[in-house]
Amino acid sequence: MLSYILRRIASTLPVMAIVALFVFSLLYIAPGDPAVVIAGDQASPDDVERIRQSLGLDRPFLIQFGSWVWRILHGDLGTSIFTNLPVSTMIGQRLGPTLSLMMVTLLLTIVVAVPLGVLAAWKAGSLIDRAIMAFAVFGFSLPVFVVGYVLAYVFALELEWLPVQGYTPLAQGVWPWLQNLILPAIALGCVYIALIARITRATMLEVLQQDYIRTARAKGLGQGGILFVHALKNAAVPIVTVIGIGIALLIGGAVVTESVFAIPGLGRLTIDAILRRDYPVIQGIVLLFSFVYVLVNLMIDVIYTLVDPRIRY
Amino acid sequence: MDRRTVLKGLAGAGGLALSGLSAPAIAQGASARTLRFVPQANLANFDPIWGTQYVVRNAAALVWDTLYGVDSSLQPQRQMVESEEVTDDGTTWTFKLRSGLKFHDGEPVLSKDVVASLTRWAARDPMGLMLKALQQELTAVDDRTFKWVLKQPFPKMLYALGKNNSPCAFIMPERIAQTDPFKQIGDYVGSGPMKFAKGEWVPGAKAVFEKFADYVPRQEKASWLAGGKQMLLDRVEWIVMPDPATAAAALQNGEIDWWENPIADLVPVLKKNKNISVDIGDPLGNVGSFRMNFLYPPFNDVRARRAVLMAMSQEDYMRALVGDDNSLWKSLPGFFTPDTPLYTEAGGEVLKGKRDLDAAKKLLAESGYSGQPVTCLVAQDQPITKAFGDVTADLLKKLGMNVDFVATDWGTVGSRRAQKTPPGQGGWNMFHTWHAGSDCINPAPYTAIRANGDKAWFGWPNSPGTEKEVTSWFEAKNLDEEKAAVARLNKVALEDVVYAPTGFFLSYTAWRKNVSGITKGPLPFFWGVSKSA
């Protein structure tokens, strides 16, 4: 298993290199110029050109790309064109809020969605089942920002229970940290709760019709034991897969959520960098996200072997 | 992790929560001296000479001081300077600095710092470039005195040193000011009333300023960038909020204290809240504009440009932007900011009265326009340009023009508008923008009014008459001469349609009622602002 994990991590390097080349090329050919944004609206064309030269943006594509790769190979993600700060520092500043948001959302999703899916499968065809599935359709259909605004209105403005915006680091306390994340996590989690609840229900229904479940029932095993020990474990592989895909999708969802709740995370940094054409920052973030995707897939594969010992690499 | 550990963790969390509950009472005083402010845009960099965005200037005005400062009557007043002398021939200026001025690192402000700062500024600022062209020498005489010798008089010297449009002539320590003006500084030491807390800066999210205890304010009453900049706050936190709805909610909720420019759609909600004050932020407002490219048909022909001016309705543009709120806009039959000394409507008849679409169509036909596509660049990510672009597209269609509507983002518009190639090869025919009213009070900071062809701003208008009157204004010796020059300038610039003004518009600012001392001006001024618990 260890050699498998090492091989998988090693295989990420060419993937990341290809992604990097693709992104770099895409940015190079895309319209827009950071020098124009830096110079401001009133700047003269000469000023813009001088800034382009000072940033090295007038150099040929291959030289720019080569210099970027060289820096990456030396562990340097470069310096932001706009802030003059190292890209690694900027990513480091934003990583905490995004990871926190994703972690709380994921936890919330699993804690809510899996029991809901199990319950719906157990009570298949009943009013409870239909209610849960209706909720799932509802959650799936609502855009994140709509849910976000409604939550902020109800829980922040009307009830004044939670803040509208911002992020407090965990170092300042669990509750201050959590209270900034509850509403965004619910907003972001709605769609994933719906998705995972549906998948859980479907796979559980399939498993509940298997012979070994019938045998367990015949042996007089309690409903809880059947559902959570026998059925859920055997239904886990597709559920884990969807949760894994969900983590990857969360990164995209975090962009909107971070904007709505003014969380200073990577999503907002990405959007800002794209709008300003801050190439080094965009490249750094894309590399990081590529790595996260690969890592998540790897973790899913490892979890497969834990929930289903028949799977071996 | 076992059950006991989890319970301990939860108890700790509960304890923290309880301590959090008690925090407001304990920290009330500190909270009252911290102002949380949502700026108009993200503070993405912090070099006011390298990057000339308004948001950078606004933040820089807290950290760096200027030799002179423009007050609310648009007059430059002494700020870091104690006295100045000018020779009778107007060519040699000798300035003396106030005593006791210190930078945030504890070092005194010396003439050598001023000389280096002015040299860097003069390489980037249009008025600075004019001074540089006239300069014989700029030298430090002693620690508190410096001398600027020119080849010929420059009557607008004090205005240049105290103006509020970017880049302002901010004074930095020599070691920082020696940075190439086209490269960004990384050390943010100034001598202004607040220090920049670089360690707390999260670009795109938060910027923090702390009171500079050793700042020596002037004794006069503060007025915009002039007078005694008395800081009543210990800390100002700039919190960037990309979503206006979130900013509105945060202001209502008391999570922020001051929102620089709420969008018009959300103002009615804020006005209903008894804890919030809403008022016009900057009385100098903004001048809406679209530029036509002088280099290529159809707008290389003045008749085509005049046809557009003849047909356009400023009310359409303004309604698209501000809706039904009549207090937020004015028609503008000219280029200069209303209610300022040089405002004029000379030659503005073409923008007044009933719009004449038929006459405009006739004039357009005379210009030789025969249906070729007109490439119209519109940044959809800016509410102002989006509103203007939609109206222009409709206007051009009514005129019978074939519109190639390029809806894109500001980054792309900014890049593409610099292209001098023909519209079909990456160039353009028109784009939309707006100019801060504080930049349109006279021709000095007014880049968009310049019409010196290839050297002019994007669109490259060529109007020798306009340029002649710009020079007349620079040479004017008193206000009457200035007014006469600007009236002539307004007339000729409208005749040649240097650009099309789409109207004058204002925007609101909003703050919690426990904040006092907020004044109207072209930038947010924090001196004199206080906050009660």
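Calculated mean residue ellipticity at 222 nm for chain B: -9500 deg cm²/dmol, from DSSP H runs with n ≥ 4 weighted as -39500 (n - 2.57), summed, divided by the residue count and rounded to 500.
Report the Cα centroid-to-centroid distance between region A:72-115 and region B:485-511 in angstrom, as an integer. A separation of 45 Å, based on Cα centres. Counting lysine pairs in region B:157-277 that sit 8 or more residues apart in sequence, or on different chains, and whose Cα atoms lie under 28 Å apart gives 24. Dipole magnitude for the protein assembly as shown: about 2340 debye, using +1 per Lys or Arg Cβ and -1 per Asp or Glu Cβ, origin at the Cα centre.
The fraction of Cα-Cα pairs per 10 angstrom bin, counted from 0 for chain B, comes to 4, 17, 26, 24, 17, 8, 3, 1, 0 percent, rounded to whole percents. As a rough footprinting exposure proxy, the listed residues B:THR52, B:THR94, A:THR257, B:THR66 were ranked by other beta carbons within 10 Å of their own, and the order from fewest upward is B:THR94, B:THR52, B:THR66, A:THR257. About the centre of its Cα atoms, chain A shows a dipole size close to 1340 debye [charges on the beta carbon of Lys, Arg (+1) and Asp, Glu (-1) only; nearest 20 debye].
Secondary structure note: in region B:345-486, about 10% of the DSSP beta bridges are antiparallel.
What you get for region A:144-251, charging only the Cβ of Lys and Arg (+1) and of Asp and Glu (-1), is a dipole of about 540 debye around the Cα centre. Spin-label model, B:LEU129 to A:GLN210: label points 7 Å out along the Cα-to-beta-carbon direction sit 7.5 nm apart.
Note that region B:97-106 has calculated 3J(HN,Hα) couplings of 7, 5, 7, x, 6, 10, 7, 5, 8, x Hz, one per residue in order, obtained from phi through the Karplus relation 6.51 cos²θ - 1.76 cosθ + 1.60 (θ = phi - 60°); glycine and proline are x.
Exposure proxy ranking for A:MET1, A:MET299, based on other Cβ atoms within 10 angstrom of each Cβ and starting from the fewest, stands as A:MET1, A:MET299. The modelled label-to-label distance for the pair A:LYS233/B:LYS362, using points 7 Å beyond Cα in the direction of Cβ, is 9.2 nm. Mean residue ellipticity, 222 nm, helices only, chain A: the sum of -39500 (n - 2.57) across DSSP H runs of n ≥ 4, divided by residue count and rounded to 500, is -24500 deg cm²/dmol. Counts of other chain beta carbons within 10 angstrom of each beta carbon in peptide B:204-215 average 3. Note on region B:140-170 and region A:125-160: Cα centroid distance 62 Å, given to the nearest whole angstrom. Pairs of C-alpha atoms in the protein assembly as shown farther apart than 39 Å represent 48 percent of all such pairs. Note on the protein assembly as shown: dipole from Cβ charges, positive end direction compared against A:VAL296, A:VAL87, B:GLY517; the farthest Cα belongs to A:VAL296. Listed cross-link partners B:LYS151/B:LYS455; B:LYS352/B:LYS398; B:LYS361/B:LYS468; B:LYS362/B:LYS420 are compared with a 26 Å cut-off, the Cα-Cα value being larger for B:LYS361/B:LYS468; B:LYS362/B:LYS420. Take every pair of alpha-carbon atoms less than 8 Å apart whose residues are at least six positions apart; their mean separation over the length of chain B yields a relative contact order of 18 percent.
Across the options A:VAL286, B:PHE209, A:GLY246, the greatest Cα extent toward the positive end of the charge dipole of the protein assembly as shown (unit charges at beta carbon of Lys, Arg, Asp, Glu) belongs to A:GLY246. With a simple spin-label model that places each label point 7 Å from the Cα along the Cα-to-Cβ direction, the separation between B:SER530 and A:LEU142 comes to 4.5 nm.
For region B:153-194, no residue has its backbone nitrogen under 15 Å from a point 7 Å from the Cα of B:SER73, taken along Cα to Cβ. The 3J(HN,Hα) values that the Karplus relation (6.51, -1.76, 1.60; θ = phi - 60°) gives for region A:87-93 are, in residue order, 4, 4, 5, 5, 5, x, 4 Hz. Gly and Pro appear as x. Over region B:247-354, the hull volume per residue, using the convex hull of the C-alpha atoms, is 143 Å³. Ordered by the count of other Cβ atoms within 10 Å of each Cβ, fewest first, A:TYR149, B:TYR317, A:TYR167 give A:TYR149, A:TYR167, B:TYR317.
Pairing the Cα long axis of helix B:54-63 with the longest principal axis of chain B, what angle in degrees results, from 0 to 90 and rounded to the nearest 10? On a 0 to 90 degree scale, this one is about 40. Protection proxy ranking of B:238-248, B:54-64, A:19-29, by the mean of other Cβ atoms within 10 Å over each peptide's residues and highest first, is B:54-64, B:238-248, A:19-29. Size descriptors for region B:403-498: radius of gyration and Dmax over Cα atoms are 15.4, 48 Å. With a cut-off of 18 Å, note down the residues of region B:391-433 whose backbone N falls inside the zone around a label point 7 Å from the Cα of A:PHE61 toward its beta carbon. Within reach of a label on A:PHE61, which here means backbone N under 18 Å from a point 7 Å along Cα→Cβ, region B:391-433 contributes B:426.
The mean number of partner chain beta-carbon atoms within 10 angstrom of a residue's beta-carbon across peptide B:238-246 is 6. Each residue of region A:296-310 was assigned a 3J(HN,Hα) from its phi angle through the Karplus expression (A = 6.51, B = -1.76, C = 1.60, θ = phi - 60°), giving 4, 4, 4, 4, 4, 4, 5, 5, 3, 5, 6, 7, 9, x, 5 Hz with x at Gly and Pro. With one equal scatterer per alpha carbon and no solvent term, the Debye-computed log10 I(q)/I(0) for region B:304-454 at 0.17 1/Å reads -1.22.
Could you tell me how far the Cα centroid of region B:202-243 sits from the Cα centroid of region B:47-106, in Å? Each part's Cα centre sits 16 Å from the other's.
For region A:209-241, applying the loop criterion from DSSP together with a ceiling of 11 other beta carbons within 10 Å to the trypsin sites (Lys or Arg not before Pro) yields A:LYS219. Cross-link partners for A:LYS233 among the aspartates and glutamates, with Cα-Cα distance under 20 Å and sequence neighbours closer than 8 places in the same chain left out: A:GLU206, A:ASP211, A:ASP301, A:ASP308. Each principal axis of the Cα cloud of region A:137-289 was evaluated for its coordinate range; sorted largest first, these ranges are 64, 41, 33 Å. Residue by residue along B:99-109, Cβ atoms of other protein chains within 10 Å of the local Cβ number 0 on average.
Every read-out reported here was derived from the displayed coordinates using simple, explicitly stated rules and does not represent laboratory data. Predicted, not measured: the structure shown is a model, and the values here were computed from it. Note that each Cβ is placed from the backbone with ideal geometry, even for glycine, and that neighbours are counted across all protein chains shown.
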